[in-house]
Amino acid sequence: MTTKKENFEKLFTELEGIVSKFESGLIELDQGLKEFERGLELAQVLEKRLKEVENKVSEIKKKFTNPDV
Amino acid sequence: MKIYTVSEFINVTSDYLETGLGTIIIQGEVTGYRISRSNLVYFELKDEKSRVLCFGLTHEVSVSLEDGMEIRVQGLSKLFKGTGGFHVRIQEIEPVGQGALQKAFMLLQKKLEKEGIFSEQHKQALPKFPESIGLITSRDAAAYKDVLIRLDERWGGLDISHANVGVQGLVAIPQIVRAIDYFNKEYPVDVLILTRGGGSLEDLQAFNDEKVIRAIFSSKIPIIVGVGHERDITLSEMSADVRASTPTNAAELVIPHQRDIAYQLEQNKNLLVRSIENRIIDYKSVITQLVDRVGVWLGSIQQDLSHQVHLMKSLSPQATLKRGYSITLKDDKVVRKISEVKKGDSLTIKLSNGEVVSEVS
């Protein structure tokens, strides 16, 4: 199973790749079933990621207002 | 009394002026502006009664100048070592008044355009789903809250790092430059947002400053710059990878809305399910067609066979006998010619339903 830490963009791009293969019709049934399962799995992982609500804001400690630091 | 050498005297006087007066700011009109040996900037600052020479290096003078502009020069009073000439060693230059600012803006825009700083080919694409964002703005600016609120509305799980810098006036220049530099060298993030609210040309000076523009242009991290209201356009925005019209708009450009992506995922799932179903239906119809074709083929073979059987039946000797023909046999051999029999021979005549034995007379 895909972990949460995997890059959203990477997973999303993979899903889009699978979808466009299906759209083009260039896929065999046996291969297609594997890709289909992977596609649904990716969609589920991504949907779960979408449910995250909190953004984390951190203040950079370096002081840009002081030229010597 | 101490006797100085000329160079000693110039050194002492220069130091005396520099430390005695400290950093000074003088306002006046530029005249005799020139660049010599490609990197030395000279001009005089004048008012109705007097003029004074100003000197600096091109890379330190980030405002583009032209004779007649009203400016403020911040610098130190010094003497040239060789000639002993008095001058102001330039630290910062600030155009004064709308006219001078406008002029400086146009001159710099023209210069940077020639260099291709604003050209599309240098623009980097933003990541579609950044996970870490560097936010460069003042904590006290409305823009800071505007960006965070809009980001919260759109996406969750983002790692936002805020670099607190001034965004107002000239003091902001080195701070913004250092922040961009810091992210690029020591604090990697997926994308940078540099932003502030709207203001007058004077307020937005840092965003029209050559050092800031070059820092944005050189940033290896893709950068969105959004300043003020829709109508405020700064050179910083033009040199950014993506220009946002407002701070809020910057947040909208940096990350899509969760809702839209959720919808897209739903669409993708539906498409996958639909196309796999269609694929199965396709296969089913191919199989049905095959079965049909085999049926037709079998039928035609069957027809062919019964035709053959019929033909064979019609050609059999039995069928011929039925039609009234007979076969004459002598000693179990078929008699074909009259010369094969003689008087007194016993012949068997085969009819359709029996035999007649006869004698040749």
Exercise for the section: May I ask you to say which residue of A:K61, A:K48, A:K21, A:K4 is at pLDDT 85 or above and part of a loop (DSSP other than H, G, I, E, B)? Expected result: A:K61
Practice task
Please specify each residue of segment A:11-27 satisfying the condition of being within 9 Å of another protein chain (Cβ to nearest Cβ) and out of contact with any Leu (no Cβ under 8 Å at 6 or more places or on another chain).
Solution key: A:T13, A:E16, A:G25, A:I27
Exercise for the section: Answer with yes or no whether B:E94 is open to solvent by less than 70 Å² (accessible area, probe 1.4 Å), under 22 Å from B:E202 (Cα atoms) and of a type in the set (D, E, K, R). Expected result: yes
Practice task
Among the candidates B:I160, B:I193, B:I133, single out the residue that is within 24 Å of the chain's Cα centre (by Cα), within 17 Å of B:T234 (Cα to Cα) and part of a strand (DSSP E or B).
Solution key: B:I193
Practice task
Assess whether B:Q124 counts as being open to solvent by 60 Å² or more (accessible area, probe 1.4 Å), more than 28 Å from B:I224 (Cβ to Cβ) and not in a helix (DSSP H, G or I).
Solution key: no
Exercise for the section: Could you list, in sequence order, all residues of segment B:211-233 that are modelled with pLDDT of 95 or more and of a type in the set (K, R)? Expected result: B:R214, B:K220
Exercise for the section: Could you grab me the full set of residues in segment B:112-131 that are more than 14 Å from chain A (Cβ to nearest Cβ), touching a residue at least 12 places away in the same chain (Cβ under 8 Å) and either in contact with a Leu (Cβ under 8 Å, 6 or more places away or on another chain) or among the charged types (D, E, K, R) (or both)? Expected result: B:L112, B:F118, B:K123
Problem - Total residues in segment B:164-217, condition within 24 Å of B:F129 (Cβ to Cβ) and among the β-branched types (V, I, T) - result: 6
Handout entry: Identity of the residue in segment B:139-153, open to solvent by 40 Å² or more (accessible area, probe 1.4 Å) and either within 8 Å of chain A (Cβ to nearest Cβ) or out of contact with any Gly (no Cβ under 7 Å at 6 or more places or on another chain) (or both), that ends up nearest to A:S58 (Cα to Cα)
Key = B:R139
Completion exercise
Going through segment B:234-250 in order, the residues found to be in contact (Cβ under 8 Å) with a residue 24 or more places away in the chain, more than 17 Å from B:I221 (Cβ to Cβ) and part of a helix (DSSP H, G or I) are B:L235, B:M238, B:P247, B:T248
Problem - strands (runs of 3 or more DSSP E) wholly inside segment B:260-361 that include at least 3 residues being loosely packed, with under 10 Cβ neighbours inside 10 Å - result: B:354-359
Completion exercise
The correct count of residues that are farther than 15 Å from B:K211 by Cα and in contact with a Lys or Arg (Cβ under 7 Å, 6 or more places away or on another chain) in segment B:163-181 is 1
Exercise for the section: Those residues that are open to solvent by 20 Å² or more (accessible area, probe 1.4 Å), within 10 Å of another protein chain (Cβ to nearest Cβ) and touching a residue at least 40 places away in the same chain (Cβ under 8 Å), I need them from segment B:167-194; list them, please. Expected result: B:Y187, B:D190
Completion exercise
Just one listed residue, out of A:E59, A:E37, A:E47, is more than 7 Å from chain B (Cβ to nearest Cβ) and either without any contact (Cβ under 8 Å) to a residue 24 or more places away in the chain or under 12 Å from B:S275 (Cα atoms) (or both), and it is A:E37
Handout entry: Filtered residue count, segment B:237-292, keeping only those that are small (G, A, S), in contact with a helix residue (DSSP H, G or I) (Cβ under 8 Å, 6 or more places away or on another chain) and farther than 30 Å from A:K34 by Cβ
Key = 5
Fill in the blank from the handout: Of the candidates B:R34, B:R51, B:R72, the one satisfying the condition of being among the basic types (K, R), in contact with a Leu (Cβ under 8 Å, 6 or more places away or on another chain) and modelled with pLDDT of 90 or more is B:R51
Practice task
Would you please list the contacts, defined by Cβ atoms under 7 Å and residues six or more apart or on different chains, that run from a residue in segment B:300-329 that is within 29 Å of B:V356 (Cα to Cα) and free of Cβ contacts under 8 Å to residues at least 12 places away in the same chain to a residue that is surrounded by 10 or more Cβ atoms within 10 Å (Cβ to Cβ) and among the small types (G, A, S)?
Solution key: B:K313/B:A319
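The values are calculated or read from the model by the stated rules, or taken from the named source; none is laboratory data. Since we're looking at a predicted model, the values are computed, not measured. Note that we place each Cβ from the backbone using ideal geometry, even for glycine, and neighbour counts take in every protein chain shown. Ligands, DNA and RNA are excluded from the accessible area calculation, which covers all protein heavy atoms including side chains. Shrake-Rupley method; radii C 1.70, N 1.55, O 1.52, S 1.80 Å.
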